[in-house]
There are 2 protein chains.
Amino acid sequence: MGLAGIKDVADRAGLSIATVSRALSGKANVSPKSRQLAKAAAAELGFVPSYHASSLASGRNHNVGLVVPSVHRWYFSSVVEGVSGALLDAGYDLTLYNVGDEPERRQIVLNDFLLRKRLDAVIAVALVLSEAEIQQLLAIHRPIVGIGGALAGASTIRIDDARLARTATEHLIGLGHTRIAHITGDGELNRDFKLPGIRRAGFEAAMAAAGHRVRPEWTVSADFTIQGAYASARTLLATATERPTAVFAASDEMAIGTILAARDFGLRVPQDLSVIGMDGHELGEVVGLTTINQDPRGQGALAARLLLETLDAGAKRRTKGAPPAPEATDREYPTEFLVRSSTAVPPV
Amino acid sequence: MGLAGIKDVADRAGLSIATVSRALSGKANVSPKSRQLAKAAAAELGFVPSYHASSLASGRNHNVGLVVPSVHRWYFSSVVEGVSGALLDAGYDLTLYNVGDEPERRQIVLNDFLLRKRLDAVIAVALVLSEAEIQQLLAIHRPIVGIGGALAGASTIRIDDARLARTATEHLIGLGHTRIAHITGDGELNRDFKLPGIRRAGFEAAMAAAGHRVRPEWTVSADFTIQGAYASARTLLATATERPTAVFAASDEMAIGTILAARDFGLRVPQDLSVIGMDGHELGEVVGLTTINQDPRGQGALAARLLLETLDAGAKRRTKGAPPAPEATDREYPTEFLVRSSTAVPPV
DNA sequence: ACGCTGCATGGAAGCGTTTTCATTTTCTGG
DNA sequence: CCAGAAAATGAAAACGCTTCCATGCAGCGT
């Protein structure tokens with residue numbers, strides 16, 4: 001049979017459709033008795049409200065879009081976990097847009113998917129949206145929050161990558177290192193991914209401030225994965241003469257790859273080579289990685305909670321049509337410097 | 001102004017709503033001229049059809065649900081990548097249900113989310129659904145396909161875990177190992193996650209067939225992560241006397257954790273200890289892990305494609321109401337045995 | 001030229017809820 | 001016990017599309 005509709009519930013409960021709707025969605029002005037009746041009838045019939053009908057009528061979707069470059073990478077999957085948990089608990093659906101590297105797909109997502117009025121809000125991770133694109137989203141009354149990306153005009157949650165990269169580098173410098181290499185990300189492929197450049201700038205600023213030379217051949221790039229950095233680090237460390245005494249990797253995954261490469265060369269970490277990363281990868285514990293922990297999962301959860309608050313506020317203020325307050329707040333997420341055993345004074 | 005509706009487009013194009021609808025959704029029986037007119041008007045107004053209205057009226061959602069235990073784990077995020085790519089290309093949305101370990105959340109997802117008629121189909125990864133639960137899903141005319149999980153009555157894509165675990169173990173036995181340890185997953189927490197038991201059974205079957213003893217103290221469990229297995233492997237390898245000469249880990253991540261632990265003890269892999277894993281983790285390449293590659297991304301993509309085909313077929317056969325063919329096919333996904341450098345003959 | 005077939009078109013009926021608004025019932029204090 | 005306020009209720013109007021159906025028209029064979 002064709003699944004019970006609210007009408008069937010109403011008939012069975014001996015109430016009107018309107019009352020049943022109010023009763024089931026927990027609205028006020030329903031007598032306890034009616035509410036009870038409605039719920040019982042709904043349960044008996046196995047009634048589940050039609051999402052589309054409900055959304056169409058109410059304008060509320062209970063659905064948040066999440067745009068990430070790749071769930072396969074540690075940082076992003078951490079964010080997804082955080083967002084997902086918060087949304088599920090609030091009864092919201094999470095629509096995932098795993099855009100990948102192709103700019104073409106990015107466009108499709110932006111145009112065809114995000115704008116179809118089916119999302120209450122959008123969380124964009126490490127995605128650089130143009131002012132116009134943001135305005136387009138805001139124009140359909142959808143709050144956006146960005147994580148780890150620059151979203152002019154929208155709220156963001158992020159860490160101060162430049163400063164933290166500098167702090168990490170300064171840690172090495174403070175230990176006495178002068179010959180410091182940097183593993184950066186190869187971001188030229190993707191215009192949306194400016195992070196490597198920012199961290200690299202922090203690194204270079206710290207080096208410059210300390211009066212140390214940044215050797216071009218000691219800045220190598222990798223794809224933000226352990227295996228990618230492993231390969232790059234092997235190249236970097238292959239030269240027996242004039243080897244750096246420390247490496248600042250732009251992510252924990254790349255730092256770990258570096259450590260694995262160092263081990264393969266018989267280099268002890270930290271006696272022969274100090275390695276510092278950034279992000280807070282769980283695996284860092286295993287290899288004793290010194291790093292700066294930014295809790296991406298927490299960032300995701302926070303983003304989701306902020307969004308839900310905004311949506312609730314909007315829902316309360318006016319039942320429909322009131323654009324949720326688009327006050328763009330830019331908040332910095334707290335980080336934690338974790339000194340473990342991968343950094344030490346340089347070899348004599 | 002409140003976003004253009006199809007009515008606005010119709011007015012602007014000088015056509016009726018019906019014709020515009022047909023024109024824009026690529027239906028037949030529209031003159032080229034009208035179609036052109038409609039498209040132009042839509043473009044000028046920046047018209048994007050309302051998802052909900054469209055779904056409500058047509059009964060088609062263009063949305064597939066994906067249920068996974070945790071996107072944060074390698075295997076699942078690989079599957080998500082595969083599914084996501086295929087769906088995006090087809091213009092489908094992907095709704096992600098990252099259920100986690102809590103059975104409570106599992107229930108919520110099953111009842112509140114999956115049944116709300118907003119999904120065209122469901123892909124469940126490593127999720128064991130009861131016959132009743134499957135019937136409930138099928139009852140709302142939604143095809144389901146399971147990946148890596150036993151779904152009685154629904155289509156599945158999977159590998160033969162028992163046989164492959166056996167093959168992996170036999171590889172070690174074939175090299176001459178008799179003292180073989182096993183790292184299994186701690187699945188007792190989650191009734192949905194039977195995989196560890198199956199692989200373990202394969203291991204034990206191979207050992208029994210070869211007449212080798214399975215020592216209880218040499219079967220340790222971990223949480224399927226590198227760091228978890230690292231800790232467990234340390235315990236396992238701590239005993240200097242009577243140490244196994246080989247380890248079969250129930251996942252690549254755990255095999256990698258084992259290798260890292262072995263290195264910490266000064267054990268050389270494979271000279272002192274052979275390690276074999278299962279899954280095909282990218283990181284396996286870095287540590288030279290011998291393993292059995294099951295391409296989870298490919299499995300995800302395949303699942304999505306199968307589903308889309310079914311949906312298309314259903315759409316063609318009857319415009320509405322025809323339950324998409326629920327022929328439950330159970331297909332085995334091809335795997336590839338990768339012999340790398342982590343396994344060798346046992347030390348003398 | 002004429003009735004037919006078949007394509008193009010527009011009017012209008014849903015799709016299954018939520019929400020408004022008017023109405024009825026219940027409660028409150030005097 | 002009653003007027004007036006507050007609470008509960010139901011009828012019906014959206015919500016914005018898709019699609020059925022009836023109509024208008026062009027092309028066609030005879």
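All of the numbers you see were taken from the coordinates with simple rules; none came from a lab. Note that the structure is a prediction, hence the values are computed from the model and not measured. Don't worry about glycine lacking a Cβ; one is built from the backbone with ideal geometry, like all the others, and counts go over all protein chains shown.
For region B:40-186, what does the relative contact order come out to in percent, with C-alpha contacts under 8 Å and a separation of six or more?
19
Treating the Cα atoms of region B:70-181 as identical point scatterers in vacuum, please give the log10 of the normalised Debye intensity I(q)/I(0) at q = 0.12 Å⁻¹, two decimals.
-0.53
Return the aspartates and glutamates within reach of residue B:7: Cα separation strictly under 17 angstrom, same-chain partners fewer than 8 residues apart disregarded; answer none if there are no such residues.
B:44
Could you work out which residue, out of A:33, A:117, A:194, moves most in a Gaussian network model of chain A, that is, has the largest mean-square fluctuation with Cα springs under 10 Å?
Among A:33, A:117, A:194, the largest mean-square fluctuation in the Gaussian network model of chain A belongs to A:33.
Using the alpha-carbon centroid of each, what span in Å lies between region A:68-115 and region B:139-171?
If we compute the Cα centre of each part, the gap is 27 Å.
At R0 = 22 Å, how high is the FRET efficiency between residue A:214 and residue A:339 if r is their beta carbon distance? Nearest 0.05 is fine.
Working from the Cβ atoms, E equals 0.40.
Averaged over A:228-237, how many beta carbons belonging to a partner chain fall within 10 Å of each residue's beta carbon?
1
Once Lys and Arg get +1 and Asp and Glu get -1 on their Cβ, which of B:183, B:280, B:256 lies farthest toward the positive end of the dipole of region B:161-293?
Most positive-ward Cα: B:183.
Normalise the Cα radius of gyration of region B:248-287 by 2.2 N^0.38 Å (N = residues in it) and let me know the number.
Cα-based Rg divided by the globular estimate yields 1.05.
Helices from chain A with mean Kyte-Doolittle at least -0.5 and a Cα length along the axis of 27 Å or more, per DSSP H: which?
Span-like helices in chain A: A:296-317.
If you take each beta carbon of peptide A:45-55 and count the beta carbons of other chains within 10 angstrom, what is the mean?
So the per-residue partner count for this stretch is 6.
Considering chain B as a Gaussian network with a 10 Å cut-off on Cα pairs, which listed residue, B:309, B:131, B:217, attains the greatest mean-square fluctuation?
B:217
Using only the Cα atoms, what convex hull volume per residue in Å³ does chain A have?
Considering the Cα atoms of chain A, their hull volume per residue is 159 Å³.
Sort shortest first the distances from residue B:152 to its counterpart in every other copy, using label points 7 Å along the Cα-to-beta-carbon line, and give them in nm.
6.0
Within 10 Å, count the other beta carbons around each residue, average over each peptide in B:118-125, A:134-141, and list them highest first.
B:118-125, A:134-141
Comparing A:77, A:274, A:21, which has the greatest mean-square fluctuation in the GNM of chain A with Cα pairs linked when under 10 Å apart?
A:21
What is the mean number of Cβ atoms from other protein chains located within 10 Å of the Cβ atom of each residue in peptide A:85-97, rounded to a whole number?
The shielding value for this peptide is 5.
Cβ neighbours within 10 Å, averaged per peptide: list A:4-17, A:54-67 in order, most packed at the top.
A:54-67, A:4-17
Return the distance in nm (one decimal) between the two label points of a simple spin-label model at residue A:238 and residue A:43, each offset 7 Å from Cα along Cα→Cβ.
Going by the 7 Å Cα→Cβ label model, 7.0 nm.
Using only the alpha carbons of region A:39-114, determine the length spanned along each of the three principal axes and report them from longest to shortest in whole angstroms.
Result for region A:39-114: principal-axis Cα extents of 50, 26, 17 Å.
Could you tell me what fraction of 2.2 N^0.38 Å the Cα radius of gyration of region B:194-348 comes to, as a two-decimal ratio?
Relative to the 2.2 N^0.38 Å estimate, region B:194-348 comes out at 1.36.
How large, in Å, is region A:165-249 by the Kirkwood hydrodynamic radius built from its alpha-carbon pairs?
Over region A:165-249, the inverse of the mean reciprocal pair distance is 13.1 Å.
In percent, what relative contact order does region B:3-58 have, based on Cα pairs under 8 Å that are 6 or more apart in sequence?
41
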